[in-house]
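The values are calculated or read from the model by the stated rules, or taken from the named source; none is laboratory data. Note that the structure is predicted; figures quoted are calculated from it, not measured. In this analysis, Cβ positions are derived from the backbone assuming ideal geometry, glycine residues included, and neighbour counts consider all displayed protein chains. Heads up: the accessible areas ignore ligands, DNA and RNA and are worked out on the full protein's heavy atoms, side chains in. Shrake-Rupley method; radii C 1.70, N 1.55, O 1.52, S 1.80 Å.
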Amino acid sequence: QVQLVESGGGLVQNGGSLRLSCAASGSIASINTMGWYRQASGKQRELVATITSGGSITYAYSVKGRFTISRDNAKNTAFLQMNSLKPEDTAVYYCTALIYGVPPYWGQGTQVTVSS
């Protein structure tokens, strides 16, 4: 079992920045990939960014160049630095942890709201 707790969401103006954190606990040694997804009101959950234990990174096209994902393996924490935020980035952001052979684990989500 893995437990994920997100923090760092909030309200920011257009063009502002936020930094999300995701602290993992439990069977953390088994985690391969950590990542962030988001779900806007009335839309499907979509990939934002992922990072493997080896440091390989994937970004959604819509956030590339504005968002940066990172991971502190010693502290079992993943981060998402979000710069140049836009109103269309408004969503609930979910942290996820992937372990081979089991369904993904999800955090409770943190709201990010970007005002125009």
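Of note:
- Extension gain, N32 to Y61: 0.36 nm times the residue separation minus the Cα-Cα distance gives 8.2 nm.
- Distance between modelled label sites at S116 and E46, nm, 7 Å Cα→Cβ extension: 1.6
- Residue-normalised accessible area of the chain, given per residue in Å² at a 1.4 Å probe: 53
- The chain - percent of accessible surface contributed by carbon and sulfur, probe 1.4 Å: 50
- Part-to-part distance (alpha-carbon centres) for region 56-110 and region 3-19, which is given in Å: 11
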